[in-house]
Amino acid sequence: MSNLVSVETTDGVRTIRWNRPEKKNALLREMYDAAAEAFETGETDADVRVFVLGGTPGLFTAGNDLVDFMQAPPHIGSEDMPPVERFMRALMTAKKPVIAEVDGLAIGIGTTLLLHCDLSYASENAAFKTPFVDLALAPEFASSLLFPTLLGRAAASDLLMLGSVWDAKRAREAGLITDIVPSEKLAGFVNERARALAAKSPGAVRQAKALMMTPSESAEDRMAREGGIFAQMLQSPEFNEAVTAFMERRAPDFSRFG
Ligand code: COA
C-alpha cells in the first residue's frame with residue numbers, strides 16, 4: 001500500500017485521501033493502484049457503506065503526475081489496464097455511494113472524476129480545471145460525453161476546450177458540485193454527511209444509485225423498472241425495519257444489513 005494515499009474506515013465510512021502535498025497531490029501510478037484497491041476491497045466489505053474521496057488541507061489534486069505521464073503513457077481501454085484506468089473503473093462501477101471532498105485545486109482528472117461521484121462538496125477556494133487541450137491532449141473517461149450532458153455544450157466547451165478555471169460558485173451553479181462549505185468545516189461536514197448516508201438502509205441507497213446510473217430509457221420503461229424494484233423492496237427486512245421503527249417512534253437501525 002502506498003503511503004501517498006491514506007485509507008481509513010470508521011463508522012461505515014471509508015475515507016481515501018491523496019497525500020502528496022509537496023507535489024500538489026499530483027497522482028502517480030502507485031496512488032491510483034492504492035485508491036483502486038481501497039474501492040475494490042470496500043465494495044465487498046460489509047463494514048464499508050460509503051466512500052469519501054479527498055485530498056490534503058487546501059488541496060484536492062493537481063491531476064495526473066506529468067512526469068509519470070511521459071514515462072508511462074497510459075493507454076485506456078488497452079488489454080494491459082493502466083493503474084489510472086483501474087482506479088477510474090473502480091470509482092465508476094462502485095455500487096456504494098462516493099462523496100468527493102474538494103478543498104483547493106481539482107485539476108484534470110481531479111475534475112473529471114467528479115462526474116463519477118454521487119455527491120461533491122467543495123470549499124470556497126476550490127478551483128476546477130481540465131487543461132487537456134492546453135496540454136495537447138484529449139478529454140478522458142467519458143467526460144466528452146458526460147460534461148455536455150450535465151452542463152450543456154457551451155459550458156462544457158468552456159472547460160474542455162478553453163480550459164477555463166471554474167471557482168466553486170460557478171461549479172455549483174453548473175451542477176458540477178452539490179454544495180460549497182467553508183474550508184475549515186469541509187472535512188467535518190463531509191464526514192457528517194457520509195455517516196448519515198452510512199446509517200441509511202444500504203439496500204435502498206444502492207438501489208437509488210443503481211437506478212440513477214442506469215442508461216437513459218423512456219419514462220414509461222423507467223417507471224416499470226422502478227416498479228419491479230419497489231415491489232421487491234417492500235418485501236425486504238430493511239423496509240420492515242423502517243416501518244417498525246416508525247411505529248415504535250424510534251430511529252431505524254440498519255446496522256445489521258449488508
Ligand atoms: N505533475 C507533476 N508534478 C506536479 C504537478 C503535476 N501535475 N503539479 C504540480 N507538480 C509539482 C511541481 O513540479 C512542483 O514540484 P517541485 O517543487 O519539485 O518543483 C510542485 O508540485 C509544486 O508545484 P508548483 O508549480 O511549484 O506550485 P504552484 O502553486 O506554483 O502551482 C499548479 C500549482 C498545480 C497550478 C501547477 O503546479 C500546475 O499547473 N501543475 C500542472 C497541472 C496539470 O497540468 N495537471 C495535469 C492535468 S492532465
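The values are calculated or read from the model by the stated rules, or taken from the named source; none is laboratory data. Source: prediction; values computed, not measured. Cβ sites come from the backbone with ideal geometry, for glycine too, and all protein chains shown count toward neighbours.
Within the stretch 66-81, identify whether any single residue is of a type in the set (Gly, Ala, Ser), in contact (Cβ under 8 Å) with a residue 40 or more places away in the chain, buried (at least 18 other Cβ atoms within 10 Å of the Cβ) and more than 30 Å from residue 256 (Cβ to Cβ), and answer yes or no. Full working, then the answer.
Step one: of the stretch 66-81, the residues of a type in the set (Gly, Ala, Ser) are 72, 77-78.
Next, only the ones that are in contact (Cβ under 8 Å) with a residue 40 or more places away in the chain stay: 72.
Imposing the further condition that a residue be buried (at least 18 other Cβ atoms within 10 Å of the Cβ) reduces the set to none.
No, the stretch 66-81 has no match at all.
So that you can scan it fast, the table gives a plain yes or no per residue for (1) within 30 Å of residue 237 (Cβ to Cβ); (2) more than 16 Å from the ligand (Cβ to nearest atom):
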{"position": "125", "(1), (2)": "no, no"}
{"position": "133", "(1), (2)": "no, no"}
{"position": "150", "(1), (2)": "no, yes"}
{"position": "168", "(1), (2)": "no, yes"}
{"position": "171", "(1), (2)": "no, yes"}
{"position": "184", "(1), (2)": "no, yes"}
{"position": "187", "(1), (2)": "no, yes"}
{"position": "200", "(1), (2)": "yes, yes"}
{"position": "205", "(1), (2)": "yes, yes"}
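Can residue 94 be described as away from the ligand (no atom under 14 Å from the Cβ), crowded, with 18+ Cβ neighbours inside 10 Å and assigned to a loop (DSSP other than H, G, I, E, B)?
On the way: away from the ligand (no atom under 14 Å from the Cβ): yes; crowded, with 18+ Cβ neighbours inside 10 Å: yes; assigned to a loop (DSSP other than H, G, I, E, B): yes.
For residue 94, the condition - away from the ligand (no atom under 14 Å from the Cβ), crowded, with 18+ Cβ neighbours inside 10 Å and assigned to a loop (DSSP other than H, G, I, E, B) - is met.
In the list 46, 34, which residue meets the criterion of being away from the ligand (no atom under 12 Å from the Cβ), in contact with a Gly (Cβ under 6 Å, 6 or more places away or on another chain) and over 25 Å from residue 163 (Cα atoms)?
Numbers: 34 fails: in contact with a Gly (Cβ under 6 Å, 6 or more places away or on another chain).
Answer to the check: 46.
Within the set of pairs 6 or more residues apart or between chains, which connect a residue that is within 25 Å of residue 241 (Cα to Cα) inside the stretch 197-225 to a residue that is among the small types (Gly, Ala, Ser) and loosely packed, with under 13 Cβ neighbours inside 10 Å with Cβ atoms less than 7 Å apart?
That search, which allows pairs on different chains as well, returns 202/258.
For residue 85, are the conditions met, namely being in contact with a Pro (Cβ under 8 Å, 6 or more places away or on another chain) and part of a loop (DSSP other than H, G, I, E, B)? Before the answer, list the steps.
Working: in contact with a Pro (Cβ under 8 Å, 6 or more places away or on another chain): yes; part of a loop (DSSP other than H, G, I, E, B): no.
So residue 85 fails the test.
List, please: which pairs have Cβ atoms under 6 Å, are six or more places apart or on different chains, and start with a residue in the stretch 89-110 that is under 20 Å from residue 258 (Cβ atoms) and end with one that is part of a loop (DSSP other than H, G, I, E, B)?
Close Cβ pairs satisfying both conditions: 97/118; 98/117; 98/118.
Looking at 173, 192, 217 in this structure, which one is assigned to a helix (DSSP H, G or I), at pLDDT 95 or above and more than 17 Å from the chain's Cα centre (by Cα)?
173
Taking the options 187, 204, name whichever one is among the aliphatic types (A, V, I, L, M) and under 17 Å from the mean Cα position of the chain (by Cα).
Values: 204 fails: under 17 Å from the mean Cα position of the chain (by Cα).
Of 187, 204, the one residue that is among the aliphatic types (A, V, I, L, M) and under 17 Å from the mean Cα position of the chain (by Cα) is 187.
Check off (1) touching a residue at least 40 places away in the same chain (Cβ under 8 Å); (2) hydrophobic (A, V, I, L, M, F, W, C); (3) crowded, with 22+ Cβ neighbours inside 10 Å for residue 147 and give me the number that stays unchecked.
(1)
Can you find even one residue in the stretch 25-48 that is outside any loop (DSSP other than H, G, I, E, B), in contact with a Ser or Thr (Cβ under 8 Å, 6 or more places away or on another chain) and β-branched (Val, Ile, Thr)? It would help to see each step written out before you state the result.
Restricting attention to the stretch 25-48, the residues satisfying the condition of being outside any loop (DSSP other than H, G, I, E, B) are 27, 29-43.
Narrowing further to those that are in contact with a Ser or Thr (Cβ under 8 Å, 6 or more places away or on another chain): 27, 30-31, 33-34, 42.
Adding the requirement that they be β-branched (Val, Ile, Thr) leaves none.
Looking for residues that are outside any loop (DSSP other than H, G, I, E, B), in contact with a Ser or Thr (Cβ under 8 Å, 6 or more places away or on another chain) and β-branched (Val, Ile, Thr), one finds none in the stretch 25-48, hence no.
Of the residues 111, 56, only one is within 16 Å of the ligand (Cβ to nearest atom), within 24 Å of residue 188 (Cα to Cα) and either surrounded by 23 or more Cβ atoms within 10 Å (Cβ to Cβ) or not assigned by TED's automatic domain parsing to the domain that holds residue 182 (or both); which?
Details: 56 fails: either surrounded by 23 or more Cβ atoms within 10 Å (Cβ to Cβ) or not assigned by TED's automatic domain parsing to the domain that holds residue 182 (or both).
Unique residue meeting the criteria: 111.
Working carefully through the options 39, 87, find the one that is of a type in the set (A, V, I, L, M, F, W, C), out of contact with any Lys or Arg (no Cβ under 6 Å at 6 or more places or on another chain) and more than 16 Å from the ligand (Cβ to nearest atom). Write out each step before concluding.
On the way: 87 fails: more than 16 Å from the ligand (Cβ to nearest atom).
Exactly one of 39, 87 is of a type in the set (A, V, I, L, M, F, W, C), out of contact with any Lys or Arg (no Cβ under 6 Å at 6 or more places or on another chain) and more than 16 Å from the ligand (Cβ to nearest atom), namely 39.
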